[in-house]
Amino acid sequence: MTVSVALFTSDLRLHDNPVLHAAVRGADAVVPLFVRDDGIHRTGFDAPNRRAFLAGCLADLDAGLRRRGGRLVVREADVVAGVCAVVAETGAESVHVAAGVSGYAVRREERLRAALAEAGCTLHVHDAVVTALAPGRVVPAGRDHFAVFTPYFRRWEAAGVRGTLAAPRTVRVPDGVESAPLPERTGTAGVSPGLAEGGETAGRTLLTSWLHGPMDGYVTGHDDLAGDATSRLSPYLHFGCLSAAEAVHRARKKGGAGADAFVRQLAWRDFHHQVLAARPDASWADYRPRGDRWRSDAGEIEAWRAGLTGYPLVDAAMRQLTHEGWMHNRGRMLVASFLTKTLYVDWRVGARHFLDLLVDGDMANNQLNWQWVAGTGTDTRPNRVLNPVIQGKRFDPHGAYVRRWVPELAGLDGAAVHEPWKLTGRARARFDYPEPVVDLGEARARFERARGTG
Ligand SMILES: Cc1cc2nc3c(=O)[nH]c(=O)nc-3n(C[C@H](O)[C@H](O)[C@H](O)COP(=O)(O)OP(=O)(O)OC[C@H]3O[C@@H](n4cnc5c(N)ncnc54)[C@H](O)[C@@H]3O)c2cc1C
């Protein structure tokens, strides 16, 4: 009997999973394996929200495998040691894994390749599992990656996304393979109270309902903070509970302007992955250094983290992050601009805080979006500064988003909620809310001087 191992990483799904598909087809029996790598603790990536979401993903994956006659095998070990142990115990001839772009994923692949070669076992690395289009699949002439999104997107569309694969009907797992218990979601300390539920089932349900309704309003609604009219699929895409390729195909099949705009966002996800694949250093180093000499005021940084800057839209978004482990994209752009340009604090401070809380926290998307906003990344207008009051009046015109997350200001009507400091005397005293941490005009001038544009 031949045995293969399907090593699950950022592809926690049964549908359209090239890793599982190839492992099932290539052997008589397969070990669907997830290794809870103790090394991940050292990367600082093992944050409570993602750990809790992951527990839901693994429980759902195990349930899906059991419905097909199999089960998930979990090991707690260094990932390479865990895989090698399963290979030795089962005599597996091949291991299948998705290609990844983070430094951690690249090192894992290198180490697996070396260790499995020694064990006489073949490693198969599958492309376009995590992304719709594999990094490097399209490149500009003479370069190894695209540094600007629009030309990338043109080539991305022309290249075409691979076809999708059905979930296996049956999964036969060799007898007697030991598994550690599945991790539990409950009992994880520090989890956001409004955290979404992990798993392929929840992700597929969300995708289906998104495609059959809300997606049609995406073009007009995607920036409406109170309307909350984006898909919220990012955690499911990050953990691979959903295949990006399948999401592209299903959206296109539905069609319309909303589908086009949604697919374009999925291409942004691929864009950042292809940047990080070519420039792994960009996870923590400036992609385009601007000679910044960042400020570091502990009080201001703490006010930003806590949602107490005195700028209601910034505070609302930061509190949404704490409460849900997720934040609307318009909020992410604003709070990142506020930290890196208005307060002129290093983007790495913000990216770290996001990684500590975001359920979709992702090396490619988080770090490169932070760099994009900070002007050290791929934005072609690196010095633009978002003004929280103007953004508030534009993207939360009735103040509903602010009132939802900043209850101290719930008594203020309409757009007045974006400028509470304009209240005076007794009216001001009614609201227990901080004064702005910084003057916007002075902060903008400071930033422009620093970047040499003022
Ligand atoms: C400072 C900052 C940090 C961010 N950190 C992350 C992160 O860690 N993980 C993450 O997945 N996204 C990140 N984003 C991108 C974006 O904000 C989220 O993907 C989006 O808000 C998720 O909500 P949604 O699923 O409803 O998105 P939708 O608007 O419904 O978009 C659909 C999908 O497209 C992808 N997408 C959308 N916008 C972007 C973008 N700008 N870059 C890359 N992919 C995109 C996501 O996978 C998303 O789920 C960040 C953006 C900023 C400005």
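The values are calculated or read from the model by the stated rules, or taken from the named source; none is laboratory data. Note that the coordinates shown come from a computational prediction; the quantities given were computed from them, not determined experimentally. Neighbour counts run over all protein chains shown; Cβ positions are idealised from the backbone, glycine included.
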Exercise. Are there any pairs, at least 6 apart or on different chains, whose C-beta atoms fall under 8 Å, with the first in segment 241-265 and of a type in the set (D, E, K, R) and the second in a helix (DSSP H, G or I) and within 14 Å of the ligand (Cβ to nearest atom), and if so, which?
Worked result: 250/207; 250/211; 252/259; 252/263; 254/211; 254/215; 264/153
Problem set entry | One residue from 439, 432 being surrounded by fewer than 10 Cβ atoms within 10 Å (Cβ to Cβ) and of a type in the set (D, E, K, R) | 432
Problem set entry | residue 71 crowded, with 20+ Cβ neighbours inside 10 Å and either in contact with a helix residue (DSSP H, G or I) (Cβ under 6 Å, 6 or more places away or on another chain) or over 26 Å from residue 202 (Cβ atoms) (or both) | no
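One line per residue, one yes/no per condition, for (1) aliphatic (A, V, I, L, M); (2) within 9 Å of the ligand (Cβ to nearest atom); (3) farther than 17 Å from residue 149 by Cβ:
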{"residue": "329", "(1), (2), (3)": "no, yes, no"}
{"residue": "334", "(1), (2), (3)": "yes, yes, yes"}
{"residue": "343", "(1), (2), (3)": "yes, no, yes"}
{"residue": "347", "(1), (2), (3)": "no, yes, yes"}
{"residue": "356", "(1), (2), (3)": "no, no, yes"}
{"residue": "363", "(1), (2), (3)": "yes, yes, yes"}
{"residue": "367", "(1), (2), (3)": "no, yes, no"}
{"residue": "372", "(1), (2), (3)": "no, yes, no"}
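Among the listed residues 217, 190, 198, identify the single one that is among the small types (Gly, Ala, Ser), at positive phi and either within 16 Å of the ligand (Cβ to nearest atom) or assigned to a loop (DSSP other than H, G, I, E, B) (or both).
On the way: 217 fails: at positive phi; 198 fails: at positive phi.
After applying the criteria, what remains is 190.
Among the residues of segment 398-417, is there at least one that is assigned by TED's automatic domain parsing to the domain that holds residue 352, under 23 Å from residue 221 (Cα atoms) and hydroxyl-bearing (Ser, Thr, Tyr)?
So far as segment 398-417 goes, yes, one or more of its residues are assigned by TED's automatic domain parsing to the domain that holds residue 352, under 23 Å from residue 221 (Cα atoms) and hydroxyl-bearing (Ser, Thr, Tyr).
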Exercise. Residues of segment 166-209 being free of Cβ contacts under 8 Å to residues at least 40 places away in the same chain and crowded, with 19+ Cβ neighbours inside 10 Å, which ones?
Worked result: 206
Exercise. Of (1) charged (D, E, K, R); (2) in a helix (DSSP H, G or I); (3) within 22 Å of residue 382 (Cβ to Cβ); (4) away from the ligand (no atom under 13 Å from the Cβ), residue 305 satisfies all except one. Which?
Worked result: (3)
Exercise. Does segment 92-118 hold any residues that are surrounded by fewer than 20 Cβ atoms within 10 Å (Cβ to Cβ), within 20 Å of residue 34 (Cβ to Cβ) and touching a helix residue (DSSP H, G or I) at 6+ places or on another chain (Cβ under 8 Å), and which are they?
Worked result: 104, 106, 111, 115
Problem set entry | helices (runs of 4 or more DSSP H) lying entirely in segment 351-454 (those with 3 or more residues that are free of Cβ contacts under 8 Å to residues at least 24 places away in the same chain) | 425-429, 440-451
Exercise. Does segment 138-156 include one or more residues that are surrounded by 15 or more Cβ atoms within 10 Å (Cβ to Cβ) and touching a Leu at 6+ places or on another chain (Cβ under 7 Å)?
Worked result: yes
Seminar exercise, completed: Here the residues within segment 226-252 that are assigned to a loop (DSSP other than H, G, I, E, B) and within 11 Å of the ligand (Cβ to nearest atom) are 228, 229, 230, 231, 232, 233, 239, 242
